[in-house]
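For reference, the structure discussed in these notes is given below.
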Amino acid sequence: MSSLRLEGCLTALVTPFKNGRVDTGALESLVQEQLDAGIMGLVPCGSTGEAATQTPEERKQVIQTRR
């Protein structure tokens, strides 16, 4: 069995909302900003608190958003 080794800095992303919906444009900008800064990994819906109040569809949308 192979093991996954995480190294470096990983950012827990906030989920931006606008008018009660996930703001994918703002999320894409946040992702790009982190990547440009040299971040090693991103943690969507991880530890900033909003994941507990998101619907499964919103969490899926956040995880699938790309830059």
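The values are calculated or read from the model by the stated rules, or taken from the named source; none is laboratory data. Since the structure is predicted, the reported quantities are computational estimates derived from the model, not experimental observations. We place every Cβ from the backbone using ideal geometry, glycine too, and count neighbours over all the protein chains shown. Keep in mind that these areas ignore ligands, DNA and RNA; they rest on the heavy atoms of the full protein, side chains included. Shrake-Rupley method; radii C 1.70, N 1.55, O 1.52, S 1.80 Å.
Sort out which residues of the stretch 50-60 are under 12 Å from the mean Cα position of the chain (by Cα) and under 11 Å from Thr15 (Cα atoms), and write them in order of number.
Of everything in the stretch 50-60, those that are under 12 Å from the mean Cα position of the chain (by Cα) and under 11 Å from Thr15 (Cα atoms) turn out to be Glu50, Ala51, Glu58, Arg59.
Yes/no per residue for (1) acidic (Asp, Glu); (2) at pLDDT 90 or above; (3) open to solvent by less than 100 Å² (accessible area, probe 1.4 Å):
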residue: Thr15; (1), (2), (3): no, yes, yes
residue: Asn19; (1), (2), (3): no, yes, no
residue: Val31; (1), (2), (3): no, yes, yes
residue: Glu58; (1), (2), (3): yes, yes, yes
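Results for (1) charged (D, E, K, R); (2) touching a residue at least 24 places away in the same chain (Cβ under 8 Å); (3) part of a helix (DSSP H, G or I), shown as yes or no for each residue.
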| residue | (1), (2), (3) |
| --- | --- |
| Ser2 | no, no, no |
| Arg5 | yes, no, no |
| Thr15 | no, yes, no |
| Leu30 | no, no, yes |
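Tell me which residues, restricted to the stretch 7-38, are polar (S, T, N, Q) and under 9 Å from the mean Cα position of the chain (by Cα).
Answer for the stretch 7-38, where residues must be polar (S, T, N, Q) and under 9 Å from the mean Cα position of the chain (by Cα): Thr11, Thr15.
Can you tell me how many residues in the stretch 40-56 are small (Gly, Ala, Ser), at negative phi, open to solvent by 50 Å² or more (accessible area, probe 1.4 Å) and not in a helix (DSSP H, G or I)?
Counting residues in the stretch 40-56 that are small (Gly, Ala, Ser), at negative phi, open to solvent by 50 Å² or more (accessible area, probe 1.4 Å) and not in a helix (DSSP H, G or I) gives 1.
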